[in-house]
Structures are given as C-alpha cells and as structure tokens.
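Below you'll find the structure, written out as structure tokens, and then a few comments.
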Amino acid sequence: GKLRIIARRERSNSCKYTSARLRTKYRGDWLYGRVEVRARLPPSKRGLWPAIWLLPTDEVYGGWPHSGEIDVMEHVGWEKNGLIHSACHSTRHNPTVGRQRSKAKLISTAHRKFHVYAVDWQPTRISIFVDNELVLKVDDKGFGAQSWPYDQRFHLLLNLAVGGWGGMKGIDD
C-alpha cells in the first residue's frame, strides 16, 4: 500500500491548513543502522515543505539543536522543482550559527516518480543517499557532543508542513 500525507486548506484552531506528521518516537527508535523511505514528493508549490528526518528520542544533550537532527530529505516548495536538501544539525553546525553540514541535490523526477531516500548511520559516520547515490557524508571528527550528538537513540519523522521554511515566500492556495 501507499501512505499519502495530504495538506488541505481547511481551518483547524488558529491554522488555515491541515496536514500530518508521522513519528515513530517510542515505537521505533534506533541507535545506528540504515533507514530507507520510498517516496514521491507532492507537487512543488510555495508553502509546502515535505521532509523525511530523524530527531533524538531522549534529547540527551538538551533541546534543538544540542541533541542533533538528521535531515534525510527536505524540499522547500518555493525552490526549484526537485531540489532536495540533506543535513546533519548539531550545536556547532546549524543554520542559526551560520555553519552547516548540508548538501542540496536536484532530483528532476522527485515529484513524478518514487525514489528511495536513505540514511546509513554508524558510530562515526552518517551517509545520506538518494537511490543509492551518496548525497551527504558527515564524519565524527572527535570534537564531542557539540559537533557529534549522534550517539543516542533517534526516531523517524515523515511530514508535509505548510509554512515554515517552505512558506517564507508565501503559500500557494
């Protein structure tokens, strides 16, 4: 079967749109291994922000970004069709401090065909792939938890956000 995450223009509390976020927290938590998600992205529209990512389950080093975040795939709707981003965030490497460990890759058929987005997570290396092609590799350089908080359990999230980074340039209704 197929899981469809759909954004709808409908009011819910103070929001104009509804969507979904699925997370495996406390139901599927991993410390190392490989996670693969076969997905086709929704049409590229301003305001949409689909993502496949991992967050720390126990936040051993504190809240974001101190305990890390692994972005396997993010697409920002106002950017070029099929441009996906992958990143590993930590205290020392995140957008708020101006140092990123991230890569962008154009997947021209991302909105028309299914692709396999994967993370291979080892004690000293995180590698992110699209269809088994390496997109991003991040190594532990031995600088401690501020650079490498990936020694704790993480869980998987699949979501389609409306707004946020995806809505920085407006939202197409």
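The values are calculated or read from the model by the stated rules, or taken from the named source; none is laboratory data. Source: prediction; values computed, not measured. Every residue, glycine as well, gets a Cβ built from its backbone with ideal geometry; the counts of neighbours run over all protein chains shown. For the accessible areas, the whole protein counts, side chains as well, though only heavy atoms, and no ligand, DNA or RNA atoms are used. Shrake-Rupley method; radii C 1.70, N 1.55, O 1.52, S 1.80 Å.
Remarks
- Two-decimal Rg/Rh across the range 1-100, once Rg and the Kirkwood Rh are taken from alpha-carbon atoms: 0.98
- 10 Å-binned pair-distance histogram of the range 33-89 (Cα, whole percent): 22, 43, 28, 7
- The spacing between the range 1-39 and the range 93-139, judged by their C-alpha centroids, is 19 Å.
- Low-density loop cleavage sites - chymotrypsin sites (Phe, Trp or Tyr not before Pro) in the range 1-106, where at most 16 other Cβ are within 10 Å (DSSP): Tyr26, Tyr32
- Overall, the chain carries a charge dipole of about 660 debye about its Cα centre when +1 sits on the Cβ of Lys and Arg and -1 on the Cβ of Asp and Glu, all other atoms neutral.
- Straight-line reach from Lys16: taking Cα to Cα under 21 Å and skipping same-chain neighbours fewer than 8 places apart, the lysines in range are Lys45, Lys169.
- Additional length obtainable on full extension of the chain from Thr124 to Gln100, 0.36 nm per residue less Cα span: 6.9 nm
- Shape of the range 85-173, Cα gyration tensor, a/c cut at 1.5: oblate
- For the chain, modelled as a GNM whose springs connect Cα atoms under 10 angstrom apart, the maximal fluctuation among Asn13, Asn81, Asn132 occurs at Asn13.
- Spatially close lysines, pair count over the range 78-140: Cα under 16 Å, gap of eight or more or interchain: 5
- Treating r as the C-beta distance of Arg11 and Gln152 and R0 as 35 Å, the FRET efficiency rounds to 0.35.
- In the chain, a dipole from Cβ-located charges (positive for Lys and Arg, negative for Asp and Glu) runs towards its positive end, and of Val119, Val35, Ala104 it is Ala104 whose Cα lies farthest in that direction.
- With all protein chains modelled, accessible area of His155 [1.4 Å, Å²]: 10
- GluC sites (Glu not before Pro) within the range 1-60: DSSP coil, no more than 12 neighbouring Cβ in 10 Å: none
- D (Stokes-Einstein, µm²/s), Kirkwood Cα radius, the chain, 0.890 mPa s at 25 °C: 148
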